[in-house]
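Colleague: First the structure, then my questions, so here it is.
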Amino acid sequence: MEAEQQINALREELREHNYSYYVLDRPTISDYEFDMKLKNLQALESAHPEFYDATSPTLRVGGAVTKNFETVVHEHRMYSLDNSYSKEDLEDWEKRIQRILGNVAVEYTCELKYDGASISLTYEDGKLIRAVTRGDGFQGDDVTTNIKTIPSVPLKLKGDYPKKFDIRGEIILTLEGFAQMNRERIAKGEEPYMNPRNTASGSLKLQDSALVAQRPLECLLYSIVGENLNLTTQFEVLEKARSWGFKVPTVAQLCKSTDDVLQFVEHWDGHRHDLPYETDGVVVKVNTLRYQEELGYTAKAPRWAMAYKFKAEQVSSVLNKITYQVGRTGAFTPVANLEPVLLAGTTVKRASLHNADQIEKLDIRERDTVFVEKGGEIIPKIIAVDFTKRPSDSKRTVYAAQCPECRSPLIRNLGEAQHFCPNDVGCPTQITGRIQHFISRKAMDIEGMGSETVELLFKEGLVQNYADLYTLTKEAVMPLERMAEKSAENLVNGVAASKAIPFERVLFALGIRYVGETVAKKLAKAYKNIDALRLATEEELVAVDEIGGRIAESVVQFFAVPENREIIERLKTYGLQFSLSEAQMEGQTEKLKGQTFVVSGVFEAISRNDLKKKIEDNGGKVASSISSKTSFLVAGANMGPSKKTKAENLGIPIISEQEFLDKLNA
Ligand code: AMP
Ligand code: ZN
């Protein structure tokens, strides 16, 4: 046989075996035979490099090393999920859906919520092109080289797949695979890993793909996004994906009513430990994709899906000591230091006690035996005291009166649960906390500098605030503990590189109370530069969509402090971005200011998302359901009849996409 034919035949055969083994869990040949054939193929491929194929099974063994994972913007944003915990939550959700869709019969697809690391895979012409982590949902890291080593990820598809699409799923470690990994580590005298989820997630960012190849990772898929896919329901999505060669768990079920959904939840809540992998709940999705479109998204999650969290697991342990933590805004939190205990797969040593009221209410004391609960990724919390085990000489907890870091007497504002340390200019933890927030990944993302470096720089008197970071020199940093020429250079370069970070992230980095990532984006978009924002009054600020009174007050207070204004002026002179870039400003107008739009149906000239973006870029607001506040209903084909009736009843003008575009161009 010709070498090329032989190579192709072997590739095809190995792909099939691979699929049977890892996707169907039905091995067709022995591991030994498989290895022999793989070696054979490797030998042929290296003798004939001219027949290279990026989808060859030999590439599964890895070897390529990635030093820096490239950031990739998701073509379609990766959302989070809203959570529900009870029958009532689920019924409320159904009511909200019905209000938007207008009392139609809704079916649901129920799937398990696989507990791992989310991934988005892009396929073109049946070949895996790219794999990107979720990141912040807008952009993630390109981890294609690592993902290619996971045997259940098809490099090449079969069947009637669309030309181009993204498919989303979860990278997990099975419980068995995880246990095996740990047995091997212990045998080698290494520390075992804590839990499958973090280990799976950490694996994706290993630089050496050969190491990733050795880990028993799996990829479970659950959703497809793209244009013109010709799919009508979520259940069909799962079946189709399976037929193209993806691993899609067969536990998914089509449910006709919320009662069916609850039965599914109840069943898996009781049987989740029979599964080969970890799950923390069920994901319920509106089955009809057209309804999903109609329902759309909130700022963080689809309206058409809901996670139903299984009951949190509980254990009891002894509370050894109550200590206190001060955050970067001075917020004061009591912490329970526990006798280490295993809970939901991780060892728990600390739990949040929230505030003084909580301690008082539950009468929590040192040396008490307490019940600890953990739900999802939230830090564990103490839910009750086991009074039967309380030592007889136990004493009531006296809450701290002073900040343990700076000795300032604590303050508690009327109506607030939290105490805080008022010494924002002098409290060391607050100072370093603010700088640590400033350099963090989602803020200025300064490479080569970590929390400990910040503490060291502060201790040595090199920085007092985040503006001082920009005055650091290699020579000044080098004498510090654990610093070498290279690391000092990296630090200074990292600081310099952060000058290119866009305005909305700089705004987030400033650490204004209540101004998180999303709020910073909104404010940057609304005010376009820091000076306009500085001059904004509370009334003006609350007029901005999604900005409430609490945020507005905090922004105004921040700019009222002379030290803050001074630091910003300094940062400006160092060259940080304090206004939107030209690219960001492009296409942004105020043409639709004060107008609220509801978008419904399918459009021709422009995609639904682009339409919404156009509205927002031009100063308008997009709402999901019609009310008396709606200015226009933009109607496409197949619009929900209930929306139409409602708009007509309220006398709201209904316009076509063309009329909308004309209005914009007018
Ligand atoms: P959370 O991060 O808790 O908001 O939950 C959202 C995440 O759940 C998504 O980003 C997915 O990675 C993950 N997930 C796990 N299983 C599923 C599923 N069957 N459908 C949708 N998302 C899922
Ligand atoms: Zn303090």
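The values are calculated or read from the model by the stated rules, or taken from the named source; none is laboratory data. All of these numbers come straight from a predicted model, not from anything done at the bench. Glycine gets a Cβ as well: all are built from the backbone with ideal geometry, and neighbour counts include every protein chain shown. Side chains included, ligands, DNA and RNA excluded: accessible areas come from the protein's heavy atoms. Shrake-Rupley method; radii C 1.70, N 1.55, O 1.52, S 1.80 Å.
Colleague: About the Cα centre of region 26-115, how large is the charge dipole given +1 on each Lys and Arg Cβ and -1 on each Asp and Glu Cβ? Please answer in debye to the nearest 20.
Modeller: Numbers: 11 positive and 17 negative charges, 19 e Å.
Using only the charged Cβ atoms, the result is roughly 100 debye.
Colleague: Which of the cysteines found in the chain have nothing to pair with, since no other Cys Cβ lies under 4.7 Å from theirs?
Modeller: So far as the 4.7 Å Cβ criterion goes, Cys110, Cys219, Cys255 stand without a partner in the chain.
Colleague: May I pose another question? Let me have the relative contact order for region 13-77, percent, based on Cα pairs under 8 Å that are six or more residues apart.
Modeller: In percent, rounded to a whole number, it is 25.
Colleague: As a test of reading the structure, rank Lys127, Lys349, Lys522 by solvent-accessible area (1.4 Å probe, protein chains only), most first. Present the calculation step by step, with values, prior to reporting the outcome.
Modeller: Values: Lys127 90, Lys349 120, Lys522 60 Å².
If we order Lys127, Lys349, Lys522 from most to least accessible, we get Lys349, Lys127, Lys522.
Colleague: Per DSSP H run of at least 4 residues, take -39500 (n - 2.57); add these up for the chain, divide by its residues and hand me the 222 nm value, nearest 500 deg cm²/dmol. Provide the component values of the computation, followed by the final result.
Modeller: Values: 25 runs with 243 residues, N = 666.
After summing the helix terms and dividing by residue count, I get -10500 deg cm²/dmol.
Colleague: Contact order normalised by length for the chain, with contacts defined as Cα pairs under 8 Å and 6 or more residues apart; what percent is it?
Modeller: With pairs under 8 Å counted, the relative contact order is 9 percent.
Colleague: List the extent of the Cα atoms of region 83-178 along each of their three principal axes, largest first, rounded to whole Å.
Modeller: 45, 35, 27
Colleague: Once you charge only the Cβ atoms, +1 for Lys and Arg and -1 for Asp and Glu, what is the size of the charge dipole of region 458-517 about its Cα centre, to the nearest 20 debye?
Modeller: So the magnitude is around 100 debye.
Colleague: Could you state the per residue volume, in Å³, of the convex hull enclosing the Cα atoms of region 150-205?
Modeller: Expressed per residue, the convex hull around the Cα atoms of region 150-205 is 113 Å³.
Colleague: Please report the Cα spread of the chain along all three principal axes, rounded to whole Å, starting with the longest.
Modeller: Projected onto the principal axes, the Cα atoms of the chain cover 83, 73, 61 Å.
Colleague: With a sphere of radius 9 Å drawn around the Cβ of Tyr297, what net charge do the other residues whose Cβ falls strictly inside it have (Lys, Arg +1; Asp, Glu -1)?
Modeller: With Lys, Arg at +1 and Asp, Glu at -1, the neighbours total +3.
Colleague: In addition: With every protein chain left in place, what is the accessible area per residue of the chain in square angstrom, probe 1.4 Å?
Modeller: That works out to 50 Å² per residue.
Colleague: Roll a 1.4 angstrom probe over the protein heavy atoms and tell me the percent of accessible area of the chain that is carbon or sulfur.
Modeller: Values: 16610 of 33320 Å².
Answer for the chain: carbon and sulfur cover 50 percent of the accessible area.
Colleague: Quick one: dipole size for the chain, taken about the Cα centre, charges +1 on Lys/Arg Cβ and -1 on Asp/Glu Cβ, in debye to the nearest 20.
Modeller: 1080 debye
Colleague: What residue among Asn423, Asn413, Leu480 has its Cα farthest toward the positive end of the dipole of region 395-517, where the charges are +1 on Lys, Arg and -1 on Asp, Glu, each on the Cβ?
Modeller: Asn413
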